[in-house]
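Here, each number is a calculation from the coordinates, and none is a lab measurement. Because the structure is predicted, anything quoted here is derived from the model rather than measured. Heads up, the Cβs are rebuilt from the backbone with ideal geometry, glycines too, and the neighbour counts pull from every protein chain shown.
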Amino acid sequence: MSNLDRLHHPLLHRRQLLKYGLAGLGLTTATLAWQGLKSQSKARIPVVPANSPMMGNTFSPMQTLRDFDYGTVKQENGRTVREFQLVAGNTTLQLNTAVSFNSWNYNNRVPGPTLRAKAGELIRVSFLNRAGHAHTMHFHGFHPAAMDGIKPIRNGTGTIYELEAEPYGLHLYHCHVSPVTRHIGKGLFGMLIIDPPQPRPVADEIVLVMGGYDTNDDGKNELYAFNGVPDYYMMNPIEIYQHQLIRLYVLNTIEIDPAVTFHLHANMFDVYPTGMTLKPSHTSDVITMGTAERHILEFKFKYPGQFMFHPHQDLIAEHGCMGAFNVISAT
Amino acid sequence: MKNTQYLKIAILACAASVVISACNNTPTTTTTEKPSPVASTPPAASNEMVGMKHGDKKININGAILSELDKLEAKLGVPALSNKIQASRPYKTPEELVSKKVIDQAQYDQIKDLVTIEDVVLTGLDKDADYMVKLGLMKGHLYVAKELLDLNKPKDAEPHIGHPVEEIYTDVADQLNERKVKEFKTTLIALDDLVKAGAKEMPKVTTNLKESLQSIDTAIAALPETQRKNPAFVLRVINGLLDTANSEYGAAISDGKFKAAIEYQDSRGFITYADQLYQGIAATMAKDSPDAHKIIVENMKQLKTAWPAAIPPASPVKTPPEVGKLITAIEQSTQKVITVASK
């Protein structure tokens, strides 16, 4: 248990409760402790309405938050294979009421689907390009040169990428056709989560991908967003429960601007660098990420209410890369 | 692990056909794990990319066009079977024709030797068409680049000079080698460097652009002349170009306005070259396939009005669905010529 957990959890930790002996504590505490035990097996996650706002888009960022694509599972030669299907296409993104944007993306959404597998499995991605320009899928992680996603796949054709799910951690995929800045900036990116062999503690798991939009091809970003749509989570705060362990998968895919931070209000988070550790490296309320950097951040909210998160490059935050958690009282 | 690219997965086969229904579906994202108790057989391996078309013996139920599927329809005597097969795409196995209730087991037993879901390695005509589409896309890019350079807009021309190297050359490099075509990546990069540097020495740019276009023509000339003049072959290349132009035109417009000039210009280049290719076979077409010829000429004429100049007009002459409709009409009328030729 990290110091952070202790700091934020108003209850004593389960083990401590056992150590002190339940008998010596009041009935109320015992009840709460039981709830604490219960929460170990299942995270408390507010119900997300199926009709969450799309704001004129083909997808809802509210659904993106906890939408993990585990693929179709097959067993081949005693090994688990996960098959994913991704199609590159073009869709118009409604970035706000005034600005629309011709996006290139995977599966009609920005970011593309959050692909998820477990260390040691085999990932097989069938990729089809129907987006006009040549595109690819380039995955971060270990793989042979032939699977590096560098060879352009032209419009109307496809390929299959096959890679070992290794190493465990938080990774990404994106198009690697030049100019990569434009291909990523148009929306061709997504997250790849490889879970460790031993699962992480139960948590409310949330995906946040930062992106930048050069809306007028002037080599500068005019708008930014978490999960595709600028300011979406300011207008529609993310509901989470007080005291519930939250695990954020945060990825920075903002091109052009060299680096941004991620800052969480009124809290501190445990940092698991690149998601490649099982123990946090340190605790902070701000972390810097260059383009393509990503981390797992864990925290609990001590107080209910609304709390913002955003890069502390405030100009970038104020151009769409801003959101809020609405922490619901645990009681 | 053996790292080969498998050509089996159903969705890829969709790439093969112009008449695509399955590929328009939003791919499913499965959040539940469905472990399969049966170990699947290892798919056929190949190092080739999936290309334009499928095997010539068995009918690929994922990729075949309607007229091919009609063979199955005729054999079983099931009305509108071809459309039903298309509607239930994609198929992971041929047996899914039964499990998806397209046909029953007895019917399946009659045609099981005729159908497949696997793509084959590109060979012969398919490979040649794939090769020529790539080179055609390069030419399209350079055509529009030249127009923009002539308008003294090197900055606008640059992406179109970059695209042949960035998007296409590596994809066609193996085939160039196989066909013993002298590499011309160096030429393309030199041109890109010149234009990126501001195209200050225009005579040098002009010479280099000419050289680049000549290199592409030399690469195209590696194909036998009979083939380059064969309408069925050329129409397939034209379809590849039009399909790409269609996607890019759509990506240029939002809210009824041109938002991305680059994609407008890309598609203009592809249409220009597709039109030029058609001129080369127009006389043969008028003689041998007058009906198709008439439709193609008429639709092409209308299509070209969507690209009045290298710089996009203030508002689109045609909406993306209108352009899509014209392109579909052309593609449909080419199918007969292509299918007859492949019999």
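What separates the Cα centres of region A:56-117 and region A:229-285 is a distance of 20 Å.
Per residue, the average separation of C-alpha pairs within less than 8 Å and at least 6 apart gives region B:265-335 a relative contact order of 37 percent.
Is the shape of region A:61-328 rounded, prolate or oblate, going by the alpha carbon gyration tensor and its root eigenvalues a ≥ b ≥ c, with a/c under 1.5 for rounded and a/b larger than b/c for prolate? Intermediate results must be reported in sequence, preceding the final value.
Details: a/c = 1.85, a/b = 1.15, b/c = 1.61.
Oblate is the answer for region A:61-328, as a/c is 1.5 or above yet b/c matches or exceeds a/b.
Working out 0.36 nm times the residue gap between residue A:198 and residue A:265, then minus their Cα-Cα distance, what length gain in nm do you get to one decimal?
Extending this stretch completely gives an extra 21.0 nm.
Put simply, the amide H of residue A:92, placed in the peptide plane, has neighbours under 5 Å in A:103, leaving out anything fewer than 5 places away on its chain. Semi-axes of the equivalent ellipsoid of region B:229-343 are 27, 12, 12 Å, computed as sqrt(5λ) over the eigenvalues of the C-alpha gyration tensor in descending order. Once you order the gyration tensor axes a ≥ b ≥ c over the Cα atoms, which shape class does region B:66-108 get: rounded for a/c under 1.5, otherwise prolate or oblate by comparing a/b with b/c? Oblate, because a/c is 1.5 or more while a/b does not exceed b/c.
Remark: region A:138-155, residue by residue, has Karplus-estimated 3J(HN,Hα) of 10, 9, 7, x, 8, 6, x, 4, 5, 9, 7, x, 9, 6, x, 10, 6, 3 Hz, where x stands for each Gly or Pro and the curve is 6.51 cos²θ - 1.76 cosθ + 1.60 at θ = phi - 60°. The smallest convex shape that holds all Cα atoms of region B:159-273, its convex hull, gives 120 Å³ per residue.
Would you work out which of A:146, A:167, A:61 lies farthest towards the positive end of the dipole of chain A, given +1 charges on the beta-carbon of Lys and Arg and -1 on that of Asp and Glu, about the Cα centre? Value: A:167. In degrees, nearest 10, range 0 to 90: what is the angle between the Cα axis of helix A:27-41 and the longest Cα principal axis of chain A? The angle comes out at about 30 degrees. For region A:227-331, what class follows from the C-alpha gyration tensor (a ≥ b ≥ c being the square roots of its eigenvalues): rounded when a/c is under 1.5, otherwise prolate if a/b is larger than b/c, else oblate? Judged from the Cα gyration tensor, region A:227-331 comes out oblate (a/c at least 1.5, b/c at or above a/b). With 20 Å as the limit, the listed pairs A:220/B:155; B:257/B:318; B:155/B:182 have B:155/B:182 beyond it between alpha carbons.
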